Amino acid sequence: MSDDTGDKLPEEFPEVTPGTEPDATDVTPENQLPVSPEALRPEVVGERRGMFGVQGSGDTSGYGGLVKPVVMPGGAGRPYGGWFDEVADALEEALRGGGVEHALEKVVVHRGEITFFVRREDLASVARMLRDEERLRFELCSGVSGVHYPDDAGRELHAVYHLLSMTHNRRVRLEVTCPDADPHIPSVVATYPTADWHERETYDFFGVVFDGHPALTRIEMPDDWPGHPQRKDYPLGGIPVEYKGATVPPPDTRRSYS
Amino acid sequence: MSTAYDPYAPSPATASDTSTGRVFTVTGQDWDTVVQGVGDLGDEGHEDHVVVNMGPQHPSTHGVLRLILELEGETVTEARCGIGYLHTGIEKNMEFRTWVQGVTFCTRMDYLSPFYNEATYCLGVERLLDIEEDIPEKAQVMRVLLMELNRISSHLVAIATGGMEIGALTVMTIGFRERELVLDLFELITGLRMNHAFIRPGGVAQDMPPGALDQIRDFVALMKKRLPEYAALCNANPIFKGRLVDVGHLDLAGCLALGVTGPVLRSTGYAWDLRKTQPYCGYEDYDFEVKTWDTCDSYGRFRIRLDEMWESLKIIEQAADRLAGLEGAPVMVGDKKIAWPSQLAVGTDGMGNSLDHIRHIMGESMEALIHHFKLVTEGFRVPAGQAYVPVESPRGELGAHVVSDGGTRPYRAHFRDPSFTNLQAMSVMSEGGMVADVIVAIASLDPVMGGVDR
């Protein structure tokens with residue numbers, strides 16, 4: 001954390017006693033937050049309006065004005081608990097040794113799983129360290145999964161990697177984001193050859209371009225398919241089905257209960 | 001789509017546009033025309049190699065798998081897979097159904113091991129709901145029982161189809177004979193032979209039906225007589241060994257680099273099994289061994305599958321003993337906001353229903369009716385976050401990456417299917433070998449295209 005943040009505390013953490021100025025104790029390194037408040041903030045990825053999925057027919061439920069943020073779990077500060085700290089220590093040490101100490105955006109610990117948010121430009125070197133460093137040894141990449149958050153401006157597309165260390169019997173998750181306008185993420189095929197098909201699949205379904213992939217082509221959809229079907233703005237499709245005189249609309253036009 | 005659209009019209013890019021050599025269309029029984037044609041090409045032809053497209057419709061490719069093989073004589077110089085012929089958008093569909101309905105979709109992915117698809121998805125949802133500790137013991141034991149029965153049926157198909165592909169038809173017939181017994185048990189317990197949607201977030205859908213434990217014990221006793229038949233038929237059979245030994249070689253470093261798990265990884269001598277290393281559903285309470293073989297070849301994978309069926313029988317016996325002591329225990333979490341509201345029974349009209357439950361919601365309690373309606377139509381909400389709880393399926397590590405945004409439907413459910421990952425190893429396993437060995441190598445991977453393409 002830089003020096004000038006000491007005298008303007010973030011608004012989320014107001015002084016308890018009104019009129020108390022931050023004194024020398026507040027700005028000493030021991031009393032500073034271990035990570036920047038920005039990283040600890042829960043990630044708002046969108047907002048949910050109304051209830052019961054009512055759309056286009058006016059507000060008959062009385063809940064139409066309801067607006068709730070969609071919040072993903074926020075970052076965690078030390079200690080993360082259990083072996084998470086060992087892995088984080090080893091990783092940070094390796095990152096410093098490799099000259100990419102700012103590679104981690106934040107660390108999320110949720111439901112007993114640890115997620116490292118990695119800056120996309122550093123993904124390839126972070127993956128290599130995670131595989132080769134003796135205290136880390138994540139030998140197996142369990143694959144790449146894409147997630148599309150259309151309302152998370154500038155971070156619309158996420159690529160999620162699940163890594164397994166058989167040596168230490170541990171699992172971690174890497175998450176990398178990229179904006180929809182510039183959907184490029186470095187490929188990890190050079191480190192984990194198994195990511196070959198998984199990255200092709202993520203490209204096929206989300207349009208994330210994995211730079212450095214040996215042959216990034218569609219894998220599930222036909223080669224000339226327009227669009228990327230797993231994106232949230234891509235319709236599911238379907239036709240109405242008649243059953244015993246009634247018509248059941250296709251699933252993407254049914255009431256969704258937001 | 002306009003009415004003028006003709007799906008049968010020739011594509012603007014015809015096959016010959018993308019091909020650099022001469023194209024032969026083989027329809028069966030006419031291989032000599034290709035041999036003749038390649039010979040006639042002379043200098044014009046590219047030396048003496050030929051690119052053969054195998055599949056997607058071919059009995060030996062485990063469903064709609066397309067292989068593109070470059071041959072020099074009978075030696076494979078390059079091999080690639082073409083997949084996607086069975087892609088049905090299951091993951092996308094799951095985003096438009098409730099969390100409970102998701103089970104109905106994912107059970108259809110890897111159709112030979114449906115309980116594993118359901119289990120990994122439900123374990124992920126339960127972790128997000130933070131109810132992992134609340135799952136009743138009986139539900140966990142039933143999950144283990146069903147998964148191990150499923151491992152036997154899946155391995156039987158792997159051995160049966162693998163045998164059929166090398167001409168050992170008796171292996172196929174006895175494999176499917178025994179698999180039918182397992183499917184009968186599934187039908188007894190879940191009501192369906194495949195696509196069960198039986199494991200649900202919070203537990204399982206139904207209690208054990210009366211008499212099921214006796215039938216399971218009979219099955220175990222019968223399998224102990226039948227399994228030695230496979231060993232007697234195959235283990236030392238010179239033709240069988242001649243086709244399988246040293247074919248489809250993949251060592252430990254290759255497995256880890258390519259993310260290959262399951263029997264293929266264990267055939268390198270490495271005893272990695274998630275049931276032991278990262279137990280779920282209470283696997284730490286069962287006594288069984290992780291079977292390995294150290295030959296790195298197709299024969300080792302066959303022997304591992306055979307041995308694993310014995311271990312599964314051991315687990316089934318222990319699970320059946322535990323179930324005998326859990327008569328009448330709950331099979332679903334106590335939280336009524338998650339648990340499905342009724343215990344269904346099949347009525348005379350063949351539909352599942354519970355008359356007691358209908359009497360309760362229609363005649364006694366308005367609140368119960370509202371609750372039933374809300375839970376069935378809207379479903380429950382799952383706190384925002386993501387989870388990944390892999391299980392050891394018959395083919396390796398199967399995991400569901402489940403993402404919730406706090407809504408009543410999965411925001412994203414991605415399945416890491418072992419068939420999809422393991423199939424990448426097809427190239428390294430078969431390049432440099434004979435074309436007939438490609439089939440053996442693929443059979444030893446045991447890919448299920450429903451799981452590959454999802």
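Values as computed for the structure displayed
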| item | result |
| --- | --- |
| Estimated Rh, the stretch B:345-454: Kirkwood, alpha-carbon pairs, angstrom | 18.4 Å |
| Sites excluded, GluC sites (Glu not before Pro) in DSSP loops with at most 10 other C-beta within 10 Å, longest stretch of chain B | B:75-326 |
| DSSP-defined beta bridges in the protein assembly as shown - what % are antiparallel, rounded to 5 | 90 percent |
| Relative contact order %, chain B, counting alpha carbon pairs below 8 Å whose residues are six or more apart | 24 percent |
| Paramagnetic reach from B:D184 (point 7 Å along Cα→Cβ, amide N under 17 Å) across the stretch B:86-121 | none |
| Loop-located chymotrypsin sites (Phe, Trp or Tyr not before Pro) in the stretch B:76-163 whose Cβ has at most 13 other Cβ within 10 Å (DSSP) | none |
| Inter-label distance, nm, simple model (7 Å from Cα along the C-beta direction), A:R41/A:D132 | 3.7 nm |
| Accessible area, probe 1.4 Å, largest first, for residues B:T161, B:T75, B:T408, A:T253 | A:T253, B:T75, B:T161, B:T408 |
| Solvent-accessible area, 1.4 Å probe, carbon plus sulfur percent, for chain B | 55 percent |
| Solvent accessible area, Å² - A:H110, 1.4 Å probe, full protein context | 40 Å² |
| Mean Kyte hydropathy of -1.0 or more with a Cα span along the axis of at least 18 Å, helices from DSSP in chain B | B:114-129, B:137-165, B:169-190, B:212-230, B:298-324 |
| Model label zone, A:R49; criterion: amide N under 15 Å from point 7 Å along Cα-to-beta-carbon; scope the stretch B:367-383 | none |
| Residue-level accessible surface for B:W293, protein heavy atoms, 1.4 Å, Å² | 70 Å² |
| Förster radius 35 Å - calculated FRET efficiency between B:D246 and A:M166 (Cβ-Cβ, nearest 0.05) | 0.85 |
| Restricting the stretch A:43-152 to GluC sites (Glu not before Pro) in coil, as DSSP defines it, with at most 13 other Cβ within 10 Å | A:E101, A:E134 |
| Neighbour net charge for B:E95 - beta-carbon separation under 12 angstrom, K R +1, D E -1 | +3 |
| The stretch B:393-454 versus the stretch B:147-209: alpha-carbon centroid distance in Å | 19 Å |
| Separation of the A:I239 and B:E364 label points, Cα + 7 Å toward Cβ, nm | 4.6 nm |
| Two-site label geometry, B:S427 and A:D211: point separation in nm, points 7 Å out along Cα→Cβ | 2.3 nm |
| Heavy atoms of B:I361: accessible area, 1.4 Å probe, square angstrom to 10 | 20 Å² |
| Linear extension gain, B:M194 paired with B:F176, 0.36 nm per residue minus alpha-carbon span | 5.0 nm |
| Antiparallel bridges, percent of DSSP beta bridges restricted to the stretch A:79-187 (to nearest 5) | 90 percent |
| Listed pairs A:K68/B:K374; B:K92/B:K276; B:K138/B:K224; B:K241/B:K276; B:K225/B:K314; B:K138/B:K374 exceeding 24 Å between Cα atoms | B:K92/B:K276; B:K138/B:K224; B:K241/B:K276; B:K138/B:K374 |
| Backbone N under 12 Å from the B:L222 label point (7 Å along Cα→Cβ), restricted to the stretch B:174-206 | B:177-186 |
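The values are calculated or read from the model by the stated rules, or taken from the named source; none is laboratory data. This structure is a prediction, so every number in the text was calculated from the model and none was measured. In this analysis, Cβ positions are derived from the backbone assuming ideal geometry, glycine residues included, and neighbour counts consider all displayed protein chains. Accessible surface areas use protein heavy atoms only, side chains included; no ligands, DNA or RNA. Shrake-Rupley method; radii C 1.70, N 1.55, O 1.52, S 1.80 Å.
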